[in-house]
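Encoded as structure tokens, the structure appears first; notes follow it.
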Amino acid sequence: VPGMAQHDVVLEVVVLVGAIAADPAASPLLATSPILRALHELWRDKADDAEVTLQLLYTFYQLLQHEDTREELLYSTRAIMDVLDCLSARHPEVRRVAELCLDLVLEHDRAEGGALGELGVQVRRRRFQAHNAEWLAAVNPDGGGGGGARGGGLGGGVGGEAHLCGRRRRRRWLLLRL
């Protein structure tokens with residue numbers, strides 16, 4: 001098509017796959033095709049493009065709706081780890097759709113007893129870190145930030161629980177030892 005750049009074609013293909021993924025009948029076909037891995041590779045190649053990232057997130061959201069594609073996306077790719085990185089994206093719509101995807105992960109990544117699976121635990125930890133980044137930085141000023149993406153701590157480092165008290169300009173930190 002004259003005047004259409006490669007970027008536009010890639011974006012249109014992602015939109016098309018997202019539309020196909022919305023159909024439950026397409027789920028088994030998509031799950032057994034190389035498309036899921038190709039989407040994840042595309043994610044890594046176009047990570048700096050908010051428009052492509054947003055469309056890929058929407059496509060992942062559609063794929064997470066159906067059991068066949070959900071299982072492949074969750075356990076055969078590292079796509080969810082990349083979606084977790086979107087929690088700190090500058091673009092609010094990217095953050096919003098990433099949250100929707102992660103809601104589905106929390107809903108479906110469960111052990112037989114109903115406890116969160118490994119991915120669900122990571123999602124919960126990263127959400128805490130993303131939503132409490134300022135608090136974690138203040139509690140752990142040495143830059144620990146709550147143990148990083150793979151760490152398990154909540155910061156504090158003093159062996160206790162930290163509480164934030166104060167108003168807009170005045171902040172007082174109380175460290176309570178357990």
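Consider T77 carefully, then state whether it is under 16 Å from T32 (Cα atoms), of a type in the set (S, T, Y) and surrounded by fewer than 18 Cβ atoms within 10 Å (Cβ to Cβ).
yes
Given D68, D85, which one is under 14 Å from the mean Cα position of the chain (by Cα) and either without any contact (Cβ under 8 Å) to a residue 40 or more places away in the chain or surrounded by fewer than 21 Cβ atoms within 10 Å (Cβ to Cβ) (or both)?
Exactly one residue qualifies, and that residue is D85.
Regarding the stretch 42-54, can at least one residue be identified that is assigned to a helix (DSSP H, G or I), aliphatic (A, V, I, L, M) and more than 27 Å from A133 (Cβ to Cβ)?
Yes.
Are there any helices (runs of 4 or more DSSP H) wholly within the stretch 57-165 with 2 or more residues that are modelled with pLDDT of 90 or more and of a type outside the set (K, R), and if so which?
67-75, 79-85, 92-108, 118-131
Based on this model, can you work out whether R96 counts as of a type outside the set (S, T, N, Q), touching a residue at least 12 places away in the same chain (Cβ under 8 Å), out of contact with any strand residue (DSSP E or B) (no Cβ under 8 Å at 6 or more places or on another chain) and open to solvent by 50 Å² or more (accessible area, probe 1.4 Å)?
No: the conditions fail for R96.
What's the number of the only condition in (1) closer than 27 Å to A130 by Cβ; (2) open to solvent by 70 Å² or more (accessible area, probe 1.4 Å) that A111 fails to meet?
Status for A111: all satisfied but (2).
Take the residues in the stretch 55-65 that are in contact with a Cys (Cβ under 8 Å, 6 or more places away or on another chain) and open to solvent by less than 40 Å² (accessible area, probe 1.4 Å); name whichever of them is farthest from E12 (Cα to Cα).
L64
Can you work out which of the residues in the stretch 1-54 that are among the polar types (S, T, N, Q) and farther than 21 Å from A98 by Cα is most open to solvent (accessible area, probe 1.4 Å)?
Per the criteria, the residue is Q6.
The values are calculated or read from the model by the stated rules, or taken from the named source; none is laboratory data. Only a predicted model underlies this, so the values are computations on that prediction, with no experimental measurement involved. Quick reminder, even Gly has a Cβ in these numbers, built from the backbone with ideal geometry, and neighbours come from all protein chains shown. Side chains are part of the model used for accessible areas, which takes the heavy atoms of the whole protein and leaves out ligands, DNA and RNA. Shrake-Rupley method; radii C 1.70, N 1.55, O 1.52, S 1.80 Å.
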